[in-house]
Each structure stands twice: as structure tokens, then as C-alpha cells.
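Quick notes on the structure that follows.
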Amino acid sequence: MSAPVWARRRAAAAQGWRRFRTNRGGLFGAAFIALLVAFSLLAPLLIDQDGLDVVSATGGSLEPPSGEYWLGTDESGRSVLLLTLWGARVSLLVGFAATLLSVVVGTLVGVVSAHFGGWISAVLMRITDFFLVLPALVLAAVLMAVLPKSMWTVIMAIGITSWPTTARLVRAQTLAVESRPYIERSKALGGGHTHIIGNHVLPSVLPLVFANTTLVVGGSIIAESTLAFLGMSGPEISWGSMLDRANQSGAVTAGAWWYLLPPGVAIVLVVLSFTLVGRALETVLDPRLKGDR
Amino acid sequence: MTTGPTDQHAADPDERRSGTSTVRYVAGKVGGALVSLVFVVALGFFLFRMIPGDPLVTMTRERPTGPEQLAHLRERLGLDQPVWQQFLDYVGGLLQGDFGTSYMYRRPVGAMIAERVWPTLLLVGTATALAVVLGLWLGVRAAWRRGGLFDRTQTGITLALWSMPQFWLGLLLLIATQGVFPSRGMTSVDPPNGFVMQALDVGWHLTLPCLTLLLVIYAQYMLVMRSSLLEEMGADYLRTARAKGLRDDLVRRRHAVPNALLPTMTLIFLQFGMVVSGTVTVEAVFSWPGLGLLTYEALRGPDLPVLQGVFVILAGSVIVMNLVADLLYRVVDPRVRAS
């Protein structure tokens, strides 16, 4: 692609960033996410993993917060603080990976159905509507029940139940772009499907997909925790599996709030951050939304 | 799971406004719903045939079972038949209300589902009724003083509730009230005498699950009511109403709100999918003996025939509810029919 095109895109991105910067909520969210991602990547170096092992845990069962264990201990005597920090890794990884799967499938279905039209579109939209209506949590849980339980099946179960909204959005946007005269001009000059989709449709659809993506990540993290709470997760430590174990071990009746609060608060903060960023991005892409929501 | 607040509404109006006649519209919607129902039934069957390994191994994991017993079980559950024969038997059974037999309880799944329906309807019905009232009231207040302190506080609370897993909210309520309300079941172990006392006992148990579900679903009503009222507020007929000297709250009550109510009516049905996921987690937290708890127990088992039955019933009812919403929208809003 020629240099002017990229110069124009860089300018548009710079302008978008300037507008994004004025949104305090979005900025706070982005900073929090960046910090947490950086920490999660470095966690194996910063955290002594012996403390995560049930066998080598030194604390008592369900001890309240103390000088040694700032957020108390879980039912096997491990530090809740340590578990919460470590749990960020799986929760974020599942959130991002499931979103990637969901957004790729959704974008593909949306673009293909809008671009080719006809019976392909009819079939794809019928399938999309079907998945849109199905209770996603129940379907994901059923998938997990029949598949071997691991982090990767969780990612798959969430990914293939959450793509329809993206598909709908992308389809509408693609239809809008393809009705513009410059697409007709491109076709008249001999541009094939790959050229039109790659050079014209995707560049104008992707910013919207990106804004939508940040909202999907939040939903995926909540979905992961809900599935884990229903017992549908791998053996890894995540915020959801912590809450499941808290519930199963009777932490609620024991009044062990220190076991229940940290993972939940972590989920709320992360999801809230993604939502704030997503809303800010939507405002950047569509200034008409400003102040209206 | 991730459906945003206004997605469903944003997607639908173009379809609704297309110039097809009522008959074609209804036929299209009913046909679409039927196709979806067929998909659900097929998915319900083939999903459970994807399981790696032998279901009998899962079933008999904790009990030593001889080869003769295994063969007998296999025959009784129809597992010795070819897959297409099993599928036909399954569909035929569904049509007669036969959902198979539970692995764990050795009872017909249909009967297990039937006895769990009423507690769920009680929970969902109460929570939805309260959510409609609360959501509409808050939505009207927020829209009428748009951008004010009340509006901004409400938006903040909604965002926070959105970012929260539903089951965690339930657990928080449990731990915060520590024993003030019962933490499990629908009735006391030793239920009191007399209808009134028993009703009060159920209500007592209902409080926390209902409150959790209410907090999960009211925001949608508030948001839709708010944006729908905001749309009406620029309308000329409201200026006319004010110009003839009507007081502000009368303008709101008699003119603006009735028109803005239309989109929220269909929302009751559109939201059903979200309510279903809500009941699974909320009933699991509070051991409320409904369909959600049955799903939870079947997942934990895993009790695959029960799970299969619950999946078909839940997904099927969401499809039917969406159809009702689509049809109702055309009945209640004459403007849609005319255009």
C-alpha cells in the first residue's frame, strides 16, 4: 500500500488518541489494564510459586487477615493475596483468547455475509440469529460438561458462544461501506473480492471491531468466572475458580469475607476498566454519542 | 452473556419496519422460530454424542459393575443402537414429553423438570415484576433530569452492577446479611402450619435470591426506559401539552411515559435469555430448588440426560419468548404496522 494511505491513517490515529485522552474514565481504565497485563506477564518472576501449592502452604485454614497474610488464607492455608495476584494470569488470558476467537469468527461471518449476499448471507444470518437467541451461558456450560475440562476448552466454549453480536455489528457496518460509490468504482476498475475486502472494507470496519472487542473482553472474563463457579473450569487458579472453592469450602457461612472479596473486586475492577475503555473508544469513533449515554 | 444493553433493540427496528404485510411478517417470524427449535433439538442430541469415551464408564465410575450389568444398562439406555436410530427415538420421545432417564436418580427427566418449574417461575416472576417497576421508575426519573446528579449516580451504579458476576453479588448479599435471611432452600426444614404462615416462610426464603436477580435485571429496564423517554422528549406533542399549561409531572405522566413504555413491554420477553442464565447462578448460590439448581446439579454430576433435557427446555423457552416479543411489538405499536 502506498505511503500517503499510511500517513493518512497515522494522522487519523493521532487525532483519535487526542480525543481518547480527554476521556478520564477511558484513560483510567486503559492505565489499569496496562499495569495489570504487565504485572501478569512478570508474575512468575515476582511471585514465589511455592506459596500456590496446597501441600507446601504454611498458613492455617481460613485465617483472617494478619501481618503475615495481608488478605488472610484460603481453606488450605494459602495466602489469598498471592492467589488473587496469580489468578489474574488465567482470568486475563482466558478473557483475551476467548475474545480473539469470538471477534475473528464474528468479523469473518459479518464481512462474508454482507459482501457476498444471496444464499450465503441468508444461511450465515440464520445461524447468527440462532446463536444470538440461545442462552450463551447454558450452552457454554453444556459444552464444558461434555468436553474435557481445561483452560483451552473454556476459551473455546466462551469464544463460540459470544461471536453473534460482533457478526451483526460487522455485517451492518460492511453493508454501509459497500453501498458507497468508491466501492463501485473499485469494482469497475477490476478490484476482486480480496482487494475490496482487504483494502476497503476491513480498514473501515476494524476500528469499530476494536471498540467492540474491549467490551467483549469484559464479558468473557465474567463468563469465565461464572463457568468456573459452576465447576466448569480447568485446574488452574483463576478468580472464578477461587470463588468456586470459597463457596464449596463454606467460606460464606464461616463469614470469611477476605476470601470472597479480593477475587470478586478484581473481576469488577478489570471488567469496569474494559467497559470504560470500550465506551471511550465508541465516543472517539462516533462523536455523536458524546454525552448521550 | 455479553449482549450489551441496547444491542437487541438496535438490531431489530429495521427488520420490524420493513414493508412486509402482517401475514408475511408473522409467518417469517414463526418459521424462523421453528427452525431454531429444530436446531436446538438437534444440537441437544449431537452435543451429547460428542463426549469422548463411553457414557456408561462415567455412570458407573463409583460402582463396580459386571459385564452383564453393563450390557443390560446399554440395552436399556438404547446405547447399543446405531446413532440415527437413537436420534429418531430421542425426537419421538421428546414429542411425547419423554426426556429420558436421569443417570443419578434413575427417574424420568421430564418429571424432574416438571417439579422444578414452579419454584423458578415464582422466583423469576417476582424478580421481573419488581425489576419492571423499579427500572421504569428510575428510568423516568433519570431521563427527566438528564445529566443531573440522579442520572449520573444511576449510570455509575448500573456500570458497577454490570461488571459484577451475578453469583458473586449473591454471595456478597449472603455474607453481608450473615444469617438474617435463610441461606438455602425454599422452605424451612420444619415448615409452619397454616397457608399464610407457609407463604410468609417461602417469602422469607425468597428475599435474597429475588433481590439478587432483581439487581441483575432491573438496569436493562431503566436504560431502555431512559433512552426511549429521551427520544420522546423532543417531540412536538409534548411542547403542545406544555403550551396548554399542563404541569410538568402531568406532561410526563399522561403524555410522555405512555408512549415511551412501548419498547419496554417487549423487553420483558427479550430479556428472558438473560434471566435464564441469572437463575442458574442465583439458584446455585441460594440452593433454590428450581430449574437453575437442577442445571447446576446436572453439570456437577455430570448427569447428562438431565442436562440435555434442561438445555432443550431452557433454550426452547428463550426462542419462544423472543418470538412473543417480536409479535407483541407489532400488536402494541400501531406505528410499526402502518409503515
Going through region A:1-16 one residue at a time, which ones are out of contact with any helix residue (DSSP H, G or I) (no Cβ under 7 Å at 6 or more places or on another chain) and under 17 Å from A:Leu208 (Cβ atoms)? A:Arg9, A:Ala12, A:Ala13, A:Gln15
For region A:144-158, name all the residues that are assigned to a helix (DSSP H, G or I), open to solvent by less than 40 Å² (accessible area, probe 1.4 Å) and either more than 7 Å from chain B (Cβ to nearest Cβ) or in contact (Cβ under 8 Å) with a residue 60 or more places away in the chain (or both). A:Met144, A:Ala145, A:Met151, A:Thr153, A:Val154, A:Ile155, A:Ala157, A:Ile158
From B:Leu130, B:Leu138, residue being in contact (Cβ under 8 Å) with a residue 12 or more places away in the chain and open to solvent by 20 Å² or more (accessible area, probe 1.4 Å): B:Leu130
Within region A:104-138, restricting to residues that are more than 10 Å from chain B (Cβ to nearest Cβ) and open to solvent by 50 Å² or more (accessible area, probe 1.4 Å), the one that is nearest to A:Val217 (Cα to Cα) is A:Val104
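Return a yes/no flag: does region A:226-243 have any residue that is within 30 Å of A:Leu92 (Cβ to Cβ), in a helix (DSSP H, G or I) and open to solvent by 60 Å² or more (accessible area, probe 1.4 Å).
Within region A:226-243, the first condition is being within 30 Å of A:Leu92 (Cβ to Cβ), and the residues that meet it are A:226-243.
If we keep only those that are in a helix (DSSP H, G or I) as well, we get A:226-229, A:239-243.
If we keep only those that are open to solvent by 60 Å² or more (accessible area, probe 1.4 Å) too, we end up with none.
Looking through region A:226-243, none of the residues is within 30 Å of A:Leu92 (Cβ to Cβ), in a helix (DSSP H, G or I) and open to solvent by 60 Å² or more (accessible area, probe 1.4 Å).
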Filter result for B:Ala241 (of a type outside the set (S, T, N, Q), assigned to a helix (DSSP H, G or I) and either under 30 Å from B:Asn322 (Cα atoms) or open to solvent by less than 30 Å² (accessible area, probe 1.4 Å) (or both)): yes
Scan region A:272-291 and tell me whether some residue there is within 9 Å of chain B (Cβ to nearest Cβ), more than 17 Å from the chain's Cα centre (by Cα) and open to solvent by 20 Å² or more (accessible area, probe 1.4 Å). yes
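Test B:Glu68 against the stated conditions and say whether it is assigned to a helix (DSSP H, G or I), open to solvent by 60 Å² or more (accessible area, probe 1.4 Å) and modelled with pLDDT of 75 or more. Break it down stepwise before answering.
Working: assigned to a helix (DSSP H, G or I): yes; open to solvent by 60 Å² or more (accessible area, probe 1.4 Å): yes; modelled with pLDDT of 75 or more: yes.
Here the answer is yes, as B:Glu68 does meet what is asked.
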So A:Ala246 clears everything in (1) under 22 Å from the mean Cα position of the chain (by Cα); (2) buried (at least 24 other Cβ atoms within 10 Å of the Cβ) except one condition, right? Which one? (1)
Inside region B:309-321, can you point out the residues that are in contact (Cβ under 8 Å) with a residue 60 or more places away in the chain and either crowded, with 24+ Cβ neighbours inside 10 Å or closer than 21 Å to B:Leu267 by Cα (or both)? B:Gly309, B:Val310, B:Phe311, B:Ile313, B:Ala315, B:Gly316, B:Ile319, B:Val320
Pairs returned, first residue in region B:79-94 that is in a helix (DSSP H, G or I), second residue that is modelled with pLDDT of 80 or more and surrounded by 13 or more Cβ atoms within 10 Å (Cβ to Cβ), beta-carbon separation under 6 angstrom, 6 or more apart or interchain, are B:Phe87/B:Phe45; B:Tyr90/B:Phe45
Which one of B:Thr101, B:Thr158 is touching a residue at least 60 places away in the same chain (Cβ under 8 Å), of a type in the set (Ser, Thr, Tyr) and either closer than 17 Å to B:Val224 by Cα or buried (at least 21 other Cβ atoms within 10 Å of the Cβ) (or both)? B:Thr158
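Counting just the residues of region A:159-169 that are open to solvent by 40 Å² or more (accessible area, probe 1.4 Å) and in a helix (DSSP H, G or I), which one comes out farthest from the other protein chains (Cβ to nearest Cβ)?
Let us first name the residues in region A:159-169 that are open to solvent by 40 Å² or more (accessible area, probe 1.4 Å), namely A:160, A:168-169.
Subsequent filtering for residues that are in a helix (DSSP H, G or I) retains A:168-169.
Details: A:Arg168: 6, A:Leu169: 8 Å.
Filtering first and then ranking leaves A:Leu169.
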For region B:176-210, which residues satisfy the criterion of being among the β-branched types (Val, Ile, Thr) and more than 19 Å from B:Ala127 (Cα to Cα)? B:Thr177, B:Val180, B:Val189, B:Val196
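Please determine whether any residue of region A:75-91 is open to solvent by less than 50 Å² (accessible area, probe 1.4 Å) and within 13 Å of another protein chain (Cβ to nearest Cβ).
Our first condition is that a residue be open to solvent by less than 50 Å² (accessible area, probe 1.4 Å); within region A:75-91, this holds for A:76-80, A:82-84, A:86-88, A:90-91.
So of that shortlist, the ones also within 13 Å of another protein chain (Cβ to nearest Cβ) come out as A:91.
Yes.
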How many residues are more than 7 Å from chain B (Cβ to nearest Cβ), open to solvent by 10 Å² or more (accessible area, probe 1.4 Å) and among the aliphatic types (A, V, I, L, M) when one looks only at region A:249-258? 1
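Rundown of residues vs (1) open to solvent by less than 50 Å² (accessible area, probe 1.4 Å); (2) more than 11 Å from chain A (Cβ to nearest Cβ); (3) over 23 Å from the mean Cα position of the chain (by Cα), yes/no style:
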site	(1), (2), (3)
B:Glu232	yes, yes, yes
B:Tyr237	no, yes, yes
B:Met265	no, yes, no
B:Val276	yes, no, no
B:Val280	yes, no, no
B:Leu291	yes, no, no
B:Asp303	yes, no, no
Could you pull out the residue among A:Ala211, A:Ala223, A:Ala172 that is part of a helix (DSSP H, G or I), among the aliphatic types (A, V, I, L, M), within 17 Å of the chain's Cα centre (by Cα) and within 11 Å of chain B (Cβ to nearest Cβ)? A:Ala223
Output yes when any residue across region B:267-274 is farther than 30 Å from B:Ser183 by Cβ and within 12 Å of chain A (Cβ to nearest Cβ), and no when none is. yes
Residue pairs, Cβ under 6 Å, 6 or more apart or interchain, first in region A:22-41 and surrounded by fewer than 19 Cβ atoms within 10 Å (Cβ to Cβ), second among the hydroxyl-bearing types (Ser, Thr, Tyr). List them. A:Phe32/A:Ser273
Unmet requirement for A:Trp70, which otherwise passes all of (1) in contact with a strand residue (DSSP E or B) (Cβ under 9 Å, 6 or more places away or on another chain); (2) open to solvent by 50 Å² or more (accessible area, probe 1.4 Å); (3) within 14 Å of chain B (Cβ to nearest Cβ): (3)
Conditions first: (1) surrounded by 23 or more Cβ atoms within 10 Å (Cβ to Cβ); (2) of a type in the set (A, V, I, L, M, F, W, C); (3) out of contact with any Pro (no Cβ under 8 Å at 6 or more places or on another chain); (4) within 11 Å of chain B (Cβ to nearest Cβ). A:Leu261 passes all but one, so which condition is the exception? (1)
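Being farther than 16 Å from B:Val282 by Cβ, assigned to a helix (DSSP H, G or I), open to solvent by 40 Å² or more (accessible area, probe 1.4 Å) and not polar (S, T, N, Q) narrows it down to one of B:Met197, B:Met225, so name that one. Give the derivation first.
Values: B:Met225 fails: open to solvent by 40 Å² or more (accessible area, probe 1.4 Å).
Just one listed residue meets the conditions, B:Met197.
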Which condition number in (1) under 27 Å from A:Gly218 (Cβ atoms); (2) within 14 Å of another protein chain (Cβ to nearest Cβ) is the one that B:Pro182 fails? (1)
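The values are calculated or read from the model by the stated rules, or taken from the named source; none is laboratory data. These figures come from a predicted structure and were not determined experimentally. Virtual Cβ from ideal backbone geometry, glycine too; neighbours counted across all protein chains shown. With ligands, DNA and RNA removed, areas are computed over all heavy atoms of the protein, side chains included. Shrake-Rupley method; radii C 1.70, N 1.55, O 1.52, S 1.80 Å.
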